[in-house]
Amino acid sequence: MHVTIGSEVKQCLASLKGIESNLSSLEIRTPDEESKRIFHETMVIVNGVVADLQQRVIELEVEETQYKGF
């Protein structure tokens, strides 16, 4: 089975979204305010990476038709 760069990027994006969700859950559940802050700040950083990677997926689909719909 041949895995394209596009499908690998999409898998990475899905993993990052899962991490973002986990950080959000940890922020909500932890009683420690310092930990809440750290989880939130990290979630914001991951959110920025997710946004950048989503943009890259769009660019891949435009630039490389073989990635469309992967």
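The values are calculated or read from the model by the stated rules, or taken from the named source; none is laboratory data. Values in this document were obtained by computation on a predicted structure and should not be read as measured data. Virtual Cβ from ideal backbone geometry, glycine too; neighbours counted across all protein chains shown. The area values use the complete protein model at the heavy-atom level, side chains included, leaving out ligands, DNA and RNA. Shrake-Rupley method; radii C 1.70, N 1.55, O 1.52, S 1.80 Å.
Remark: the stretch 1-63 carries 69 Å² of accessible area per residue (probe radius 1.4 Å; ligands, DNA and RNA excluded). Seen against the Cα atoms of the chain and their longest principal axis, helix 33-63 is set at about 10 degrees.
Using +1 on the beta carbon of Lys and Arg, -1 on that of Asp and Glu, and nothing else charged, what's the dipole of the chain about the Cα centre, debye to 20? Don't skip to the answer; put the middle values down first.
Numbers: 7 positive and 12 negative charges, 45 e Å.
Taking the Cα centre of the chain as origin, the dipole is about 220 debye.
Using a probe radius of 1.4 angstrom, the carbon and sulfur fraction of the accessible surface of the chain is 58%.
Remark: spin-label model distance ILE45-SER25 equals 2.1 nm, labels positioned 7 Å along the Cα→Cβ axis. Helix 5-29 and the longest principal axis of the Cα set of the chain meet at an angle near 10°. Estimated from helices alone, the mean residue ellipticity of the chain at 222 nm is -28500 deg cm²/dmol (sum of -39500 (n - 2.57) over DSSP H runs with n ≥ 4, per residue).
Efficiency by 1/(1 + (r/R0)^6): what FRET value for CYS12 and ASP32, r their Cβ-Cβ distance, R0 = 22 Å, to the nearest 0.05?
On the way: r = 30 Å, r/R0 = 1.38.
With a Förster radius of 22 Å, E is 0.15.
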